[in-house]
Amino acid sequence: MKPSRLKITFFKNYEETQKEKMKFIAVNSRGTVLDIGGSQNPNYYFDFIDKVKEVYLVDIIKPLKPLPKKYTKFFDFDLNEVGKKSLPFDDNTFDTVVAADVIEHLDHTPLPLLLEIKRILKSKGMLIISVPTPKYYVELLHTLLFGKPMGFPEHKLLYTRCQMKYFLELVEFRIIRIVGYSFWIPFLKLGFMNTKFTLPEFITWQQIYISIKE
């Protein structure tokens with residue numbers, strides 16, 4: 001499976017955009033990978049990526065179904081404890097760390113987790129994060145009409161691109177790519193998945209940040 005140079009695909013449901021996002025994350029990963037928070041939705045596309053050697057999984061929720069073949073070990077860990085406890089890995093262990101739809105569920109800012117990710121990543125290791133933005137037009141309209149963001153009950157903190165860039169650069173990650181994706185037209189029940197262009201936050205609810213450990 002090769003990474004697409006241009007990918008703009010129209011979808012009728014949210015699940016299809018999630019699958020396309022997971023494929024994009026997989027083809028941009030390499031070596032020994034840590035999947036943070038992926039127990040409920042493990043990334044089966046890793047099994048088709050030759051440059052991905054093995055995948056470790058860390059989450060507070062145990063996997064509810066058999067894991068893909070390249071997932072070699074599960075670690076039970078509460079990410080809200082990061083800062084008080086270290087992740088159960090040695091320094092310079094991973095080539096890639098993936099945190100897909102994770103940091104918006106934390107009780108605190110992502111800084112403690114980013115510092116731990118930096119510790120366990122090898123030199124020039126890659127960090128791939130996806131997170132919703134509060135600047136998405138549906139969120140803004142919902143706030144204007146109802147006095148609060150639309151969001152999901154389990155989402156505790158959302159981050160703008162400006163905030164995420166600040167956090168990543170503060171812990172000395174170099175951002176190499178930002179992808180805005182998952183645009184929806186609710187009344188048409190139609191959306192598209194973009195994995196090529198850095199589209200504005202206003203029209204893309206989810207953002208993917210690909211960074212390198214300096």
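The values are calculated or read from the model by the stated rules, or taken from the named source; none is laboratory data. Note that the structure is predicted; figures quoted are calculated from it, not measured. Reconstructed Cβ throughout: ideal geometry from the backbone, glycine too, with neighbour counts over all protein chains shown. SASA here: full protein model, heavy atoms, side chains in, ligands and nucleic acids out. Shrake-Rupley method; radii C 1.70, N 1.55, O 1.52, S 1.80 Å.
General remarks:
- Given (1) exposed (fewer than 15 other Cβ atoms within 10 Å of the Cβ); (2) under 23 Å from S211 (Cβ atoms), number of the condition P110 does not satisfy: (1)
- Residues of the stretch 12-41 satisfying the condition of being at pLDDT below 95, open to solvent by less than 20 Å² (accessible area, probe 1.4 Å) and outside any helix (DSSP H, G or I): G38, S39
- Among the candidates I117, I128, I178, I212, the residue that is touching a strand residue (DSSP E or B) at 6+ places or on another chain (Cβ under 6 Å), of a type in the set (V, I, T), modelled with pLDDT of 90 or more and not in a strand (DSSP E or B) is uniquely I117.
- Scope the stretch 83-99; condition open to solvent by less than 30 Å² (accessible area, probe 1.4 Å) and in a strand (DSSP E or B); matching residues: F94, T96, V97, V98, A99
- Residues within the stretch 42-78 that are open to solvent by 60 Å² or more (accessible area, probe 1.4 Å), touching a residue at least 24 places away in the same chain (Cβ under 8 Å) and in a loop (DSSP other than H, G, I, E, B), tallied: 1
- Residue in the stretch 167-174 that is open to solvent by 40 Å² or more (accessible area, probe 1.4 Å) and assigned to a loop (DSSP other than H, G, I, E, B) present: yes
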